[in-house]
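Data block below; observations after.
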Amino acid sequence: MPVYSEKVMQHFMNPHNVGEIEDADGVGEIGNPVCGDMMTFYIKVKDNRIEDVKYKTFGCGAAIAVSSMVSDLVKGKTLEEALTVTPSMVAKELEGLPKNKLHCSNLGAQALHKAIKNYAIKNKIDIPGLTDKEEPEEDEHACET
Amino acid sequence: MDNVAAAPLLPEVREAMLPYLGQIFGNPQSLHNWGDGAREALEGAREQVAALIGGASEEIVFTSSGTEANNMAVKGIARARSEKGKHIIVSAIEHFSVFNSARTMQREGFEISLAPVDSTGTVIPAELLKLVRPDTVLISVMHASGEVGTIQPLAEIAAGLPKDGPVLHTDAVASAGNIPVDVKKLGVQALSMAGNQFNGPRGSAALWIKRGVRILPLLDGGIQEGGRRPGTEDVPAIAGLGKAAEIAKRDLEVRMERLSGLRDMLIEGVLGEVEHSVLTGHPVNRLPGYASFCLRFIEGEAILMLLNSHGIAAASGSACTSRALKASHVLLAMGINHELAQGSVLFTLGPNNDAEDVKYVLENLPKVVDRLRQMSPLYSKYLKEQKG
Ligand code: FES
């Protein structure tokens, strides 16, 4: 098993905000192209703020910790602020991730961005920073199937 | 319960090794008295190892690992026979040491064919035999899978091979010392084994090569091991291997019965108590200590981490667990899809495990699984679909 930081272990053992939001304002689901895993984020938006955020994760220990961290980072933030969350930021907040687990942090940020995009499309609004943030960050791993 | 990764060294084996780390430090090749003790140890161990697999002692070559033995068998035999032909057959579930050795031979101009397995991880003899050609010089099929525990029908394969045809090698690293292994009954001409799989020291392994089968050494050097494996012998490790082989042979039946009992208890318990769990590997023809499963909707590394927090060690063939982030080729070859392979978990029982341990796993595994399923998007999708 990889050696994870204490922060990762804390979030893995006690993930925050796990769950689904029945009447979510935005839902983002993303599959991991590297190992075939999956993450779904749900957001509830009020006055341009992420009032509530929940997620479900099918993946490794890092992926679970990442989703928990992302949910913590964006809860209560404005949509613009939430869009500034990047995979490297998540990894840093988790006190680092093993190199071959960095792609799991992409998963978290991407799923969240997708949920925000889903909200924007549904409500026909434009959020600064959305389009240019939606592309995934460069992945180190080739997708092998 | 991860004995396959690191089986504990038996105290008796340790005792057998100690003299060669202390007073008897001689080099077995020396002609003076100091070498005598070491030489005796070497030859004694050779007999013990040969007895375990039903071979002759002069057919045993000591190596540093099962990996080395497999490399030596595949490359050494293929190279020695390259004038006869350049075609090798290996099964689709071989260990990387066989696979990658075959790949190396491919770069040296050999053609490689993969023999398929069925859903229980068993090589289909008829399918393998169809691949045999006049220029096939080597076939390598493992005796038992170290990942799903399935025991292969080697005798059946051997019986179908043309006389004076390809050499049949088997990687018996997972099986030797754990189930009866008899090179004559199996019908093989070369067999790899490793001490650390039956409570011997790491760094101790052997290749058995039937008399008359030609093989080229991997390394060039002196006369040790009849020139087939030059390099100063690791006498303490070899003495330990010999002792472990002797004990394994002596205790084989008792151990098998005990471990099979625990294994069946674990398998029945998991299949009964964990919903959406499947046994991987053959239901009957499997190694005594092996209980392997795929648990749907969740991922192996997360399972291992939570089990670890309960003090339970296990292994997994999931993509996320592997360093290369690829699902186990063994599971995929058995027709298990990527998603199900993610939920792979393997328990390997050893001499230090008892019924209490199994009960403890059966108490905790369902909780671990439940916890991960509660946060799995696949599981909630499944539940919604069930509701219609
Ligand atoms: S989700 Fe597969 S490695 Fe992290």
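The values are calculated or read from the model by the stated rules, or taken from the named source; none is laboratory data. All of these numbers come straight from a predicted model, not from anything done at the bench. Every residue, glycine among them, receives a Cβ derived from its backbone with ideal geometry; neighbour counts consider all protein chains shown. Heavy atoms of the whole protein, side chains included, go into the accessibility calculation; ligands, DNA and RNA do not. Shrake-Rupley method; radii C 1.70, N 1.55, O 1.52, S 1.80 Å.
Brief remarks on what is shown
- Test set (1) more than 12 Å from chain A (Cβ to nearest Cβ); (2) without any contact (Cβ under 8 Å) to a residue 60 or more places away in the chain; (3) not in a strand (DSSP E or B) - B:Ser380 fails condition number: (1)
- The one condition in (1) touching a residue at least 12 places away in the same chain (Cβ under 8 Å); (2) in a loop (DSSP other than H, G, I, E, B) that B:Glu83 fails to fulfil: (1)
- Cross-chain or 6+ apart pairs with Cβ under 8 Å, segment A:34-63 first and within 13 Å of the ligand (Cβ to nearest atom), then part of a strand (DSSP E or B) and among the small types (Gly, Ala, Ser): A:Asp37/A:Gly31; A:Met38/A:Gly31
- Taken over segment A:89-110, the residue count meeting the criterion of being within 24 Å of B:Met305 (Cα to Cα), within 16 Å of the ligand (Cβ to nearest atom) and in a helix (DSSP H, G or I) is 13.
- Conditions (1) open to solvent by 20 Å² or more (accessible area, probe 1.4 Å); (2) under 18 Å from B:Asn70 (Cβ atoms); number of the one not met by B:Gln152: (1)
- Segment B:298-321, residues that are open to solvent by 10 Å² or more (accessible area, probe 1.4 Å), in a loop (DSSP other than H, G, I, E, B) and either over 28 Å from B:Ile179 (Cα atoms) or of a type in the set (Lys, Arg) (or both): B:His310, B:Gly311, B:Thr321
- Any hit, segment B:279-290, residues being within 14 Å of another protein chain (Cβ to nearest Cβ) and more than 23 Å from A:Met9 (Cβ to Cβ): no
- Against the list (1) within 16 Å of the ligand (Cβ to nearest atom); (2) buried (at least 18 other Cβ atoms within 10 Å of the Cβ), the condition A:Leu73 fails is (1).
- Only one entry in A:Glu20, A:Glu80 is within 10 Å of chain B (Cβ to nearest Cβ) and surrounded by fewer than 24 Cβ atoms within 10 Å (Cβ to Cβ), namely A:Glu20.
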